[in-house]
1. Under unit Cβ charges (Lys, Arg +1; Asp, Glu -1), what dipole magnitude, rounded to 20 debye, does the stretch 118-237 have relative to its Cα centre?
2. In sequence order, what are the phi-derived ³J(HN,Hα) couplings for the stretch 146-156 according to the Karplus relation 6.51 cos²θ - 1.76 cosθ + 1.60 with θ = phi - 60°, rounded to whole Hz, with x for glycine and proline?
3. What share of the DSSP beta bridges in the chain is antiparallel, in percent to the nearest 5?
4. So, with a 1.4 angstrom probe, what is the percent of accessible area on the stretch 232-285 that is carbon and sulfur?
5. Filter the DSSP H helices in the chain by two things, a Kyte-Doolittle mean of at least -1.0 and an axial alpha-carbon span of 15 angstrom or more, and list the hits by number.
6. So how do D134, D193, D152, D99 rank on accessible area, 1.4 Å probe, biggest first, that is with the largest at the start?
7. Might you tell me the accessible area per residue for the stretch 121-217, computed with a 1.4 Å probe and given in Å²?
8. In vacuo Debye scattering of the chain, one point per C-alpha: log10 I(q)/I(0) at q = 0.08, 0.16, 0.17 Å⁻¹?
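The values are calculated or read from the model by the stated rules, or taken from the named source; none is laboratory data. The structure displayed is predicted, hence computed values, not measured ones. So basically every Cβ, Gly included, is an ideal-geometry build from the backbone, and we count neighbours across all protein chains shown. Just so you know, the surface numbers come from the protein's heavy atoms only, side chains and all, with ligands and any DNA or RNA stripped out. Shrake-Rupley method; radii C 1.70, N 1.55, O 1.52, S 1.80 Å.
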Amino acid sequence: RKQITILTAYSGQVRLIRQELRKLSPDRDQPTVYVTSVDNYQGEENDIILLSMVRSNTKGIIGFLNTSNRICVALSRARIGFYIIGNGHLLRTKNSLWDRILGILSSKGSIGDGLILRCQNHPQKETKVTCEEDFKLVMDGGCDKPCETLLDCGHKCSRLCHPYSHSELLCQQPCLKKFDPCGHGCVLRCHEDCGKCMVMLDRDLPCGHVAMLPCHFGEDLSKYRCDQPCDKIVDCGHQCPKVCADKCPRVCKREVPRELDCGHRIMTVCGGSVGVCYLCLSMES
């Protein structure tokens, strides 16, 4: 990737290409290849240059591409491979220098309507790409043949043919490992840490309830807090309002109707004292 530079005549397209490349890069802050404008690349070079000409319109306007010194800089930055993507017909009809340059390229058979990609793993396999959809045929950088290389984990590589090492890949197949001693299979992806067995099982708790718990809890359930409603009956005859793991209250907090000595009926806490009738006090006042 460090051997490739994308050049364009306009800073607006530089920003757009960088934005699109970040979508393809695992590290969103670092584009996959270096992208810059022709003006910013004077005095620099790289092994492979991809030159985007940008201009393609029916008005016959080529803008900065009409400037000879920019043309010179753009065409002299590559050491090994140089690829131009643009509207050759527009450039030839609007600039004599471009007409001569593209004429030479045409005579050498170096102009076409697509880019020929040759697979590094299968040199006899070539793919012609002319639009975005064509790149999906070789989206992993090789060709359209399945890789199927046997990985260290035991799975076959599920990607299409690719030139990069398998050490950079994370296997997405279901994990083949089994937990000891339960024998349950891991439910995660192959590249993920298996951790503890998470298969859910019915467990009889010491309190008498049954709970669905991960297998890794084992037989020692003494530290598990049962969150089911408490079944115990307190002294007043009401059921404990708390969950099983909590202590039952000393005083029942349930509200119940109660008839006072004065004849009034009020709602009061079951385990609390009645005290003074506030209805009587209000009538006296």
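1. Using only the charged Cβ atoms, the result is roughly 360 debye.
2. Per residue, the Karplus-derived 3J(HN,Hα) values read x, 6, 6, 5, 6, 8, 4, 6, x, 7, 8 Hz.
3. Given both bridge residues lie in the chain, the antiparallel proportion sits at roughly 55 percent.
4. 51 percent
5. 11-24, 96-107
6. D152, D193, D99, D134
7. 69 Å²
8. So the normalised log intensities work out to -0.64, -1.27, -1.36.
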